[in-house]
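Presented below is the structure to which this report refers.
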Amino acid sequence: MVQAHDRKSLSLAASSIALDAERADDTSAVVPPAPDRTHGTDPLSDVLRTVKLTGALFFMVDASFPWGVEVPHADEFSSIILPGAQHIVSYHVILKGSGWAGIPNVTSTSFEAGDVLVLPHGDPYLMLSEPGQPPEFDAEATMDYFRDMAAGRLPFVSKEGGGGEPRSEFVCGFLGCDMQPFNPVLSTLPRLLRIKQSHNGRENLLGRLIDLTLAEARCPRVGGESIRLRLSELVFVEVMRRYLETLPAHETGWLSGLRDPAIGKVLVMLHKQPAYPWTLNELASRACMSRAALAARFTHVVGHPPMQYLTLWRMQIAARLLADDSMKVATVGREIGYESEAAFSRAFKKAVGVSPAAWRDGTVGTDQSPDRAEFRR
């Protein structure tokens, strides 16, 4: 039984139905899909693959009391650790000890062994043995540290702090990915996410991945850095799965949608066949819901009406395909369901703010375009 939502959700649902009806009238813009060439029915893997999740930097800190570090905004060091990346995500797996993390003037939290901290939006932040203490490494010193680590001038395990007890150990991971035009995973995460230690026995995989990384670091071999960076990507994926398992029942957001039986089914369908000429009627029928109920619940949980979500996801796929200079714009459009280049170009510019050609010609990864800044808002 679907619960009633507030007026905003019902209004968005009505808009979704209206947009769906409008889209159904424009059948010339969308064609039935080619044979399904998707990689399965796992939307989380689908998104992380499409937004080009890439390991950028991965190391371990052995810190003795007192210790502290100030990390600047990710825009300041992204060119050092992963040139060309649109966006940098930071995360930290706490292996031993405790401490405090915070985004100045925004939010803060304590942490302890077994916790995972994720900073998905590139904010500047502090990690300290105690709140309020001056960091041992200020932002400028951290930049120098990143330069040396990225250049291979530092060991995998770095020792920091004043030499006292207690000691803390944590793994630091930095990943590159696309945020534009649409990254549904990161867009719904809080500014600072603390995933507390799990006691249900499911944290073993995360521990094994960390153990593999440490083992690789202790016995350096050719290709070791590539292995550690791939492991850092796997660690992040497991962290997201762990977060999904801990979400409260009332939580909303894209990851919550995966857990909802009806909404999760719809997300799987949209991701498995993004080029299919979906209508709200068909999605509702397959989800065993009414049009209004599906539109309201999908909008409430995911944050976008179903057909708007489909459009945004198609444009993210298109943005990835446009990075291939050998693929014509019309071909990209057909891959995501648009019969003509003109129809695709109109839809892309309406959703993203720039034409496919302009996106391909250099707007990717530069957050300077006024149109794209407007789209981010």
With just the Cα atoms of segment 275-320, tell me how far they stretch along each of the three principal axes, in Å, largest first. 33, 21, 11
Around VAL185 (Cβ within 12 Å, Cβ-to-Cβ, excluding VAL185; K/R +1, D/E -1) the net charge comes to 0
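Expected output is a single nm value to one decimal: the length gained when fully extending between LYS52 and SER108, i.e. 0.36 nm times separation in residues minus the C-alpha distance. What is it?
Working: separation 56, 0.36 × 56 = 20.16 nm, distance 2.92 nm.
Roughly 17.2 nm would be gained on extension.
Quote the convex hull volume per residue of segment 224-278, based on C-alpha atoms, as a whole number of Å³.
On the way: hull volume 5.4 nm³, N = 55.
Enclosed volume per residue, from the Cα hull, is 99 Å³.
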Hull-based mean projected area of segment 111-186, where the convex hull spans the alpha carbons, in square nanometres: 6.9
Label-point separation (nm) for MET327 and VAL237, each offset 7 Å from Cα along Cα-to-Cβ? 2.0
Provide the FRET efficiency to the nearest 0.05 for the LEU154-CYS288 pair, computing r from the beta carbons and using R0 = 56 Å. 0.50
If you wrap a convex hull around the alpha carbons of segment 226-377, what volume per residue comes out, as a whole number of Å³? 144
Highest to lowest packing among 252-262, 329-339, 222-232, 149-159, scored as the average C-beta count within 10 Å: 329-339, 252-262, 222-232, 149-159
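Based on the Cβ-Cβ distance of GLU140 and LYS272, what FRET efficiency does E = 1/(1 + (r/R0)^6) give at R0 = 35 Å, to the nearest 0.05? Present the calculation step by step, with values, prior to reporting the outcome.
Details: r = 48 Å, r/R0 = 1.36.
The calculated FRET efficiency here is 0.15.
Just want to confirm a number: the relative contact order over segment 195-305, from Cα pairs under 8 angstrom separated by 6+ residues, in percent. Walk me through the numbers on the way to the answer.
On the way: 64 pairs, mean separation 25.4, N = 111.
Computed over segment 195-305, the figure is 23 percent.
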Let's see if you can work this out: charge +1 on each Lys and Arg Cβ, -1 on each Asp and Glu Cβ, no other charges. What is the dipole magnitude of segment 108-200 about its Cα centre, in debye to the nearest 20? 300
With unit charges on the beta carbons (Lys and Arg positive, Asp and Glu negative) and the dipole taken about the Cα centre of segment 78-226, which residue among PHE146, ALA101, PHE170 sits farthest to the positive side? PHE170
With every protein chain kept in place and a 1.4 Å probe, segment 232-364 has an accessible area per residue in Å² of 40
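Treating only the Cβ atoms of Lys and Arg (+1) and Asp and Glu (-1) as charged, compute the dipole magnitude of segment 276-362 about its Cα centre; round to the nearest 20 debye. Working shown, then result.
Working: 11 positive and 7 negative charges, 59 e Å.
My answer is approximately 280 debye.
Taking the Cα centre of segment 37-101 as origin and charging only Cβ (+1 Lys, Arg; -1 Asp, Glu), how large is the dipole, in debye to the nearest 20? Write down the numbers at each step before the final one.
Numbers: 4 positive and 6 negative charges, 55 e Å.
Roughly 260 debye for segment 37-101.
For segment 202-256, what mean projected area does the convex hull of the alpha carbons give, in nm²?
On the way: hull surface 16.6 nm².
Answer in nm², one decimal: 4.2.
The values are calculated or read from the model by the stated rules, or taken from the named source; none is laboratory data. Predicted model, so just to flag it, every value in this text is computed and none were measured. As a convention, Cβ positions derive from the backbone with ideal geometry for all residues, glycine included, and neighbour counts pool all protein chains shown. Note: accessible area is taken over every heavy atom of the protein model, side chains too, but ligands, DNA and RNA are not part of it. Shrake-Rupley method; radii C 1.70, N 1.55, O 1.52, S 1.80 Å.
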